[in-house]
Every structure is written in structure tokens, then in C-alpha cells.
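What follows is a set of notes on a single structure, which appears directly below.
The values are calculated or read from the model by the stated rules, or taken from the named source; none is laboratory data. Keep in mind it's a predicted model, so treat the numbers as computed, not measured. Don't worry about glycine lacking a Cβ; one is built from the backbone with ideal geometry, like all the others, and counts go over all protein chains shown.
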Amino acid sequence: MSQRHRITIARGDGIGPEIMDSTLRILEAANAPLDFDFIEIGESAYLSGVLSGIPSEAWDVIRRNRILLKAPITTPQGGGYKSLNVTIRKTLNLYANVRQSKSYAPFVSSPHPGMNLVIIRENEEDLYAGIEHQQTPEVTQVLKLITRPGTERIIRYAFEYARSYGRDTVTCMTKDNIMKHTDGLFHKIFQEVAEEYPDIQAEHMIIDIGAARLAAQPERFDVIVTLNLYGDILSDIAAQIAGSVGLAGSANVGTEMAMFEAVHGSAPDIAGKDVANPSGLILAASQMLVHLGEPEAAQSIKNAWLCAIEDGLHTPDIYREGLSRTEVGTKSFTDAVIERLGREPKKLEAVHYNKGGIHFDITEQPRPEKQLTGVDVFLDWNEDGRDPDVLGAKLVELGGEHLRLKMITNRGVKVYPEGLPETFCTDHWRCRFVATGDSVAPAAVFELLLRIDGAGLDVIKTEHLYTFDGVAGYSLGQGE
Ligand code: NAD
């Protein structure tokens, strides 16, 4: 007999309780091996003064059960309330965001009838770490952090997901022709991991071309895995062109915990009227069952739902004269899904999920040999008409026995030696000093900084130049 799973249920606000009742009735009728603990989060918690919307006793239950099925909640306007979703995602390390964009044409109108793709977006790293600085009056920067373990996790998740859901192809999208180290690491790990999944086709696209193809020909994509920012943009494009955002479920998955929900909000305008479409949450619950390694219950629910959709039983949000047969309310739609459990759709494609759930280990990498071979010293400099040759001459003098000035760039363009007078220069200069030997001691870097500071130049930051097992861990300047 299959193991039972105790999960946490948040009934949410607005239409939340109605669509959750519908989903729980279907889970029960499908004999999903689940037990439930209910928590109160959202509007009532916010209004009683809990700024996160999650009282501490609810946290205890969420952390104990590890799986949360959540109906949408209402975030009150103003008042310093924090987004509950962001809090849950960050606190529980939910590193993967998974969103399917699918058309259910001809039963639900869609501009891309053949579209059926899933975007798996890294959820914690990239530019979203929120590490930003203003360094000179003219220049701001943000740190884009891409880690090996974080990347390996999301890429393995994408391949495991493809296997569990019987999908054939995983497409990775990066901009590694420009960002060779950060996006380059993501692409490299994708290639490494892909070799362990010979049953799944793997392809890579540069994100700009990939996004253009997604908009023009979404039918050609299956599973897309990408970095946080690109995934954020792509999943909105995909949702928009599928024409079924109201039907979509989404998952936020971590190593220990996961949260499943509908993509839409709490729709207070239609709450309590028995007209809300429960499909987003029903499909999220089916995703949750695949995650838990319960593919039979997951596919039975999804196939019954597809039958109700192709039988033309539609809630008002998707009801269209000519396409739909009967307009139904939340409760009747739920009854219709329950009646169809055990059946497969005839016109829409039935789903078949694989056993096993999504489990994998991250490979321990041996630590490479790291050598310090130089330093990029960043200066705020606004003297002498910003003439790079003047700055270059000063810094050559300051180089010393262990480090010598190799080049200066401004916004990444080499301006010394042999810069061009046409290059526009801001007040933010990267001055690359390299070791005169094979490597250099950190103390020599600090001595260099003291000399530069002593010469009246304004050091705003440094980046050490390392090699890892002899391979440069930094981008090269022009002509280097
Ligand atoms: P919304 O998605 O709740 O509603 C947008 C429109 O879509 C409304 O006209 C609504 O009636 C309709 N709609 C949404 N879901 C529907 C469904 N299942 N069936 C039929 N019609 C549906 O977005 P909103 O109005 O911008 O936000 C309302 C509240 O929801 C806000 O407090 C917002 O903060 C919250 N919200 C919560 C989540 C979440 O919990 N994950 C997500 C988005 C918005």
C-alpha cells in the first residue's frame, strides 16, 4: 500500500475557500493518499498585526509537513504588509519556480493552439540577490551571482521534471556569448548534467533568440530551464500568449519543502458567488501529487479535468458561445470533474506521469587549486579632463615589484594603453594590475592599494583575479 502524506492546507482569501473546497473534494474522490493540517494565513493574520501574514503557529505546521497547498490570499493595500509569497519562497529556500503554459484549444480559445510548455526558473540567485551599490556620482552596479550548486540543482530538477512528466526536450536559455563566466557556468553545467539524461533531448539557445522563438512559435518548446531574470520575463510572455493564465497552476520547489498554488489572485470581486474557476488550484494539486511520487492520482485528476473541459462544461471566465456547452458554477464544475475520474479525454491529449517523484543528489565537486594572479582596482576619478593616458601614467608609477598595470577600462572598453579619443568615459575606472610572476601574495595587493590611496586616488572597490586549476576566473579585457 502506498505511503500517506500529511500536507498543509491554506484556504486563502476571496475565492480561496471555494476553490480549495473544490480541490479537496476532488483529491478525496481520487483517493489521493493525503492527510491535511489547516492553517490560517493571509488577510486575517495581516489585519491582526502580523506583517508577514504568517503567524508563528502556521510556520510550525508548514515546516513540519514540508508540502503546502495554498489558495490565493489578499494582501491588504499599504500598511507595510510584506508579500507572503516572497516570504515563503525566501524563508523555505524554494529554488525552483515551475509554471506550465498550455493551450486547451479548441475548447478554450487560444492564439497558439499547439502550445504546451513548462518554464522552470531559478528562483533565488542571479540579479535577484539584491546586492546593489552606487560607487561614484555617475555609476551604480548590481551583483549577478550564479553558483555551481544553485545551478546544478535547478538543471537537475528540470531533467527530473521532464522524466516524471514524460516530456522529451529540455531547452536551456542563457546569454553566455556575453556573460561567459556567470551564464557560461549555467550553460556548462547544463551540458554536464544533460549527459546523465540520454533519454531527454537537450538544446541550448541564446536568450534573445530563444525569447523571440518562444513568442513566434511556442509550440516548438517543451521544458525550458533558465536563470531567474530571464525566467521571470519568459514566464510572463508564455502565460500571455497561451491564453489560459486563469487555468494555470504553479509550484515553488526547494530541497526540503515545496508550495503549490494557482497562478491567479484571490479575485475578491467574485468571492462567495459560486462562479470562480477552481482549475488553477486543481492543476496545482495534480502537480503536487507528481512531486510526492503519486502519479496515478495526479493523472487521474488531470485527465478527469481535461474531460470536463472538452465536454464543454465551463465556468463563466472561460465560457464562450459556440465553444462551450454549459455554463457551470464552481460546485457543478467540481462535480463534473469527480464524475469523470477514471476517464481519459478523447480530443485533448491525455496525460501519463511516471512513478518516482522528483529526487536527486547534488554531486560534490573537488575544490580546484586557486591562485591569485592580479587585481582589478576600481577608482572614482574625475581629474585632468578624464584623460586615460594621465591616469595610466600615474598608475604605472605605482605598480611596484609584484604587480604591474596592464590596462584600464571604462564601462568595459579599454581606454589605456592605446585607447581611442572617441570612447565616452564616466568617472568609474577599472585598472587591471597583474602579477609580475606566476602569482602574487594578497599582501602585495594591500600594499598596492596603500600606494594608490597615498597618491590621492579614490579606490572604490577591488576584485581579485584568480585562476582555478590554471583557468582564468575573470573576463578578459579587449586584446588581453
Ligand atoms: P486576481 O487574479 O485576483 O483577479 C484578476 C481578475 O481575474 C478579476 O477580475 C478576477 O475576478 C478574475 N479571476 C481571478 N481568478 C479567477 C478565477 N479562478 N475564476 C474566475 N475569475 C478569476 O488579481 P488581482 O485582482 O490583481 O488581485 C486580487 C488580490 O489577490 C490582491 O490582494 C492580490 O494581492 C492577491 N494576489 C494573490 C496571489 C497569490 O496569493 N498567489 C497572486 C496574485 C494576486
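Just wondering, is there one or more residues in the range 291-307 that are in contact with a helix residue (DSSP H, G or I) (Cβ under 7 Å, 6 or more places away or on another chain) and either polar (S, T, N, Q) or within 8 Å of the ligand (Cβ to nearest atom) (or both)? No, the range 291-307 contains no residue that is in contact with a helix residue (DSSP H, G or I) (Cβ under 7 Å, 6 or more places away or on another chain) and either polar (S, T, N, Q) or within 8 Å of the ligand (Cβ to nearest atom) (or both). Might you check whether a residue that is at positive phi and either within 14 Å of the ligand (Cβ to nearest atom) or part of a loop (DSSP other than H, G, I, E, B) (or both) occurs anywhere in the range 41-50? Yes, the range 41-50 has at least one match.
Looking across the range 108-149, the residues that are touching a strand residue (DSSP E or B) at 6+ places or on another chain (Cβ under 7 Å), farther than 30 Å from T87 by Cβ and polar (S, T, N, Q) come down to N116, Q135, T136.
The set of residues in the range 6-23 that are surrounded by 20 or more Cβ atoms within 10 Å (Cβ to Cβ) and either within 13 Å of the ligand (Cβ to nearest atom) or not in a strand (DSSP E or B) (or both) comprises A10, R11, G12, D13, G14, I15, G16, E18, I19, M20, S22, T23.
Among the residues of the range 52-84, write down those that are away from the ligand (no atom under 15 Å from the Cβ), part of a loop (DSSP other than H, G, I, E, B) and over 21 Å from Q287 (Cβ atoms). Across the range 52-84, the qualifying residue is only P55. Here is the figure for the range 240-269: residues that are modelled with pLDDT under 90 and within 21 Å of Y128 (Cα to Cα) total 1.
The residues of the range 85-100 that are assigned to a helix (DSSP H, G or I) and either surrounded by fewer than 21 Cβ atoms within 10 Å (Cβ to Cβ) or of a type in the set (F, W, Y) (or both), listed by number, are N85, V86, T87, R89, K90, T91. Residues that are within 16 Å of the ligand (Cβ to nearest atom) and buried (at least 16 other Cβ atoms within 10 Å of the Cβ) number at least 1 in the following strands (runs of 3 or more DSSP E) confined to the range 186-287: 249-253, 258-262. Which one is farthest from E339 (Cα to Cα), of the residues in the range 5-60 that are in contact with a Leu (Cβ under 8 Å, 6 or more places away or on another chain) and hydroxyl-bearing (S, T, Y)? Step by step, filter the range 5-60, then rank; the result is S52. Screening the candidates S56, S103 for the property of being more than 15 Å from the chain's Cα centre (by Cα), among the small types (G, A, S) and either surrounded by fewer than 22 Cβ atoms within 10 Å (Cβ to Cβ) or assigned by TED's automatic domain parsing to the domain that holds S324 (or both) yields one hit, S56.
Of all residue pairs spaced 6 or more apart or on separate chains, those with beta-carbon atoms under 6 Å, a first member in the range 367-383 that is closer than 17 Å to F433 by Cα and a second member that is basic (K, R) are D376/R430; D376/R432; F378/R430; F378/K461. Note on the range 1-24: residues that are closer than 20 Å to T74 by Cβ and of a type outside the set (A, V, I, L, M, F, W, C) total 11.
Among residues belonging to the range 459-480 that are under 30 Å from the mean Cα position of the chain (by Cα) and part of a loop (DSSP other than H, G, I, E, B), point out the one that is modelled with the lowest pLDDT. Selected residue: L476.
Pairs meeting the criteria (first residue in the range 4-17 and more than 24 Å from G246 (Cα to Cα), second residue in a strand (DSSP E or B) and within 15 Å of the ligand (Cβ to nearest atom), beta carbons under 8 Å, at least 6 apart or on different chains) are I7/L68; I7/L69. Criterion applied to I73, I67, I62, I120 was being surrounded by 17 or more Cβ atoms within 10 Å (Cβ to Cβ), assigned by TED's automatic domain parsing to the domain that holds Q217 and of a type in the set (A, V, I, L, M, F, W, C), and the one residue passing it is I120.
Would you confirm whether any residue within the range 344-359 is without any contact (Cβ under 8 Å) to a residue 12 or more places away in the chain, under 30 Å from A30 (Cβ atoms) and surrounded by 17 or more Cβ atoms within 10 Å (Cβ to Cβ)? Scanning the range 344-359 turns up no residue that is without any contact (Cβ under 8 Å) to a residue 12 or more places away in the chain, under 30 Å from A30 (Cβ atoms) and surrounded by 17 or more Cβ atoms within 10 Å (Cβ to Cβ). For L450, state whether it is of a type in the set (A, V, I, L, M, F, W, C) and without any contact (Cβ under 8 Å) to a residue 24 or more places away in the chain. It is true that L450 is of a type in the set (A, V, I, L, M, F, W, C) and without any contact (Cβ under 8 Å) to a residue 24 or more places away in the chain.
Just name the residue that is nearest to Q135 (Cα to Cα) out of those in the range 409-440 that are in contact with a Leu (Cβ under 8 Å, 6 or more places away or on another chain) and assigned to a loop (DSSP other than H, G, I, E, B). Per the criteria, the residue is V440.
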